[in-house]
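Notes to accompany the following structure.
The values are calculated or read from the model by the stated rules, or taken from the named source; none is laboratory data. In this text, all values refer to a predicted model and were calculated from it rather than measured experimentally. Ideal geometry is used to build each Cβ from the backbone, glycine not excepted, and the neighbour counts take in all protein chains shown.
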Amino acid sequence: MKNKFKFYNSVSSSLSKNFITELFFNEHIEEIRQRCFQSFGFFLLAILVSFLEIKGIVKILEAPVQNIHFFQSSPSEYFASTLKIAFYLGLVLSIPSFLSQGIFFLLPGLSNKEKDFVISLVFNSLLLFVFGLSFSYFVLIPAALQFFINYNLDIIDPLWSFDQYFNFILILFFSTSLIFQIPIGQVLLSVSGLVNGKQMLAQWKYVLLFATILGAVLTPSTDPFTQLLLSSAVFVLYLFGSYFAIFLTKPNLV
C-alpha cells in the first residue's frame with residue numbers, strides 16, 4: 001500500500017507540475033497575443049491619422065526642395081503615394097509602441113541591472129533613430145537635391161514625379177536611420193564579449209574604407225558630396241560606438 005501511495009503521489013505531483021507549466025505557458029502566449037494586438041492597433045491608428053493629415057505631411061516632405069514643380073504620371077499616382085506615405089509614417093510612429101510592449105514583456109524576468117541596461121539601450125536606440133531621420137531631412141536630402149538642381153540649372157526646367165521623389169527620400173531616410181544604429185550594434189557586441197571596444201577602434205582604417213563603399217551603395221544619388229556626408233556619418237558613428245563600448249564595459253557599469 002505504501003508503494004502504491006508513493007506512486008500515486010509521484011503521478012499526482014507530476015501532473016500538477018505539468019498543469020502549472022502548461023498554465024504558465026498559456027498565460028505567456030495570451031500576454032504576447034494581447035501585446036501584439038495593442039501594438040498592431042496603434043499601428044493602424046497611426047496610419048489612419050497620418051492619412052487624414054496627409055496634405056500637411058506632404059508639404060513637410062516637399063520642404064527640403066524649393067521652386068520645384070511636381071507632377072503625377074497617372075490619375076492614381078498621387079493617391080497611391082499618399083497611401084505609401086501614411087503606411088511608412090504609421091510604421092515609424094509605431095516603433096516605440098512595439099519596443100515598449102516587448103520591454104514590458106521581458107522586464108519581469110530580468111535583474112535590476114539588466115532592466116536598467118535594456119531600457120537605456122532601447123531609449124538610446126530610439127534617440128539615434130530620431131537623429132538619423134533629422135540628419136537625413138536637414139542635411140542629406142537638401143544636399144542631394146541641391147546638387148541635381150544646380151547641375152541642371154539654365155538647361156532643363158526641373159519637373160519631378162512626386163512618387164519618384166518620395167521613393168528617393170525614403171531610401172535616404174531608411175539608410176540613415178539604419179546607419180545611426182551602428183553604436184547600438186557595437187555595444188551589444190562588446191557586452192556579449194565577442195569584440196571589445198579597443199579591438200573595434202584598432203580597425204578604424206578598414207572601417208573608413210567600408211564607410212566609403214557603404215556611402216556609395218546606400219546613397220540613391222550619384223553626387224560625391226552626399227556620399228561623402230553619409231560616409232562621414234558612418235565613420236563618426238563607428239568611432240563614437242567604439243569609445244562608448246570601451247566606457248560601458250568598465251567594471252561596475254554593466
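Below, the figures for the structure above:
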| item | result |
| --- | --- |
| Count of residues meeting criterion [touching a helix residue (DSSP H, G or I) at 6+ places or on another chain (Cβ under 7 Å), outside any strand (DSSP E or B) and within 20 Å of residue 144 (Cα to Cα)] in the range 59-76 | 3 |
| Which listed residue, of 97, 136, 76, 120, is of a type in the set (Ser, Thr, Tyr) and under 25 Å from residue 224 (Cβ atoms) | 136 |
| So residue 111, is it closer than 24 Å to residue 230 by Cβ and not β-branched (Val, Ile, Thr) | no |
| Test set (1) over 26 Å from residue 59 (Cα atoms); (2) more than 20 Å from the chain's Cα centre (by Cα); (3) surrounded by 14 or more Cβ atoms within 10 Å (Cβ to Cβ); (4) of a type in the set (A, V, I, L, M, F, W, C) - residue 160 fails condition number | (1) |
| Subset tally (residues that are farther than 17 Å from residue 126 by Cβ and in contact (Cβ under 8 Å) with a residue 40 or more places away in the chain) for the range 187-201 | 8 |
| When residues of the range 209-227 are limited to those that are surrounded by 15 or more Cβ atoms within 10 Å (Cβ to Cβ) and modelled with pLDDT of 85 or more, the one farthest from residue 121 (Cα to Cα) | 212 |
| Answer residue from the range 157-193, given it is aliphatic (A, V, I, L, M) and closer than 20 Å to residue 119 by Cβ and is modelled with the lowest pLDDT among those | 191 |
| For residue 193: the one exception among (1) loosely packed, with under 14 Cβ neighbours inside 10 Å; (2) on the phi < 0 side of the Ramachandran plot; (3) not acidic (Asp, Glu) | (2) |
| Residue within the range 100-118 that is surrounded by fewer than 16 Cβ atoms within 10 Å (Cβ to Cβ) and aromatic (Phe, Trp, Tyr) present | yes |
| Residue within the range 139-148 that is over 17 Å from residue 234 (Cα atoms) and modelled with pLDDT of 85 or more present | yes |
| Residues (crowded, with 17+ Cβ neighbours inside 10 Å and either of a type outside the set (Phe, Trp, Tyr) or free of Cβ contacts under 8 Å to residues at least 60 places away in the same chain (or both)) located in the range 58-84 | 58, 61, 64, 65, 81, 82 |
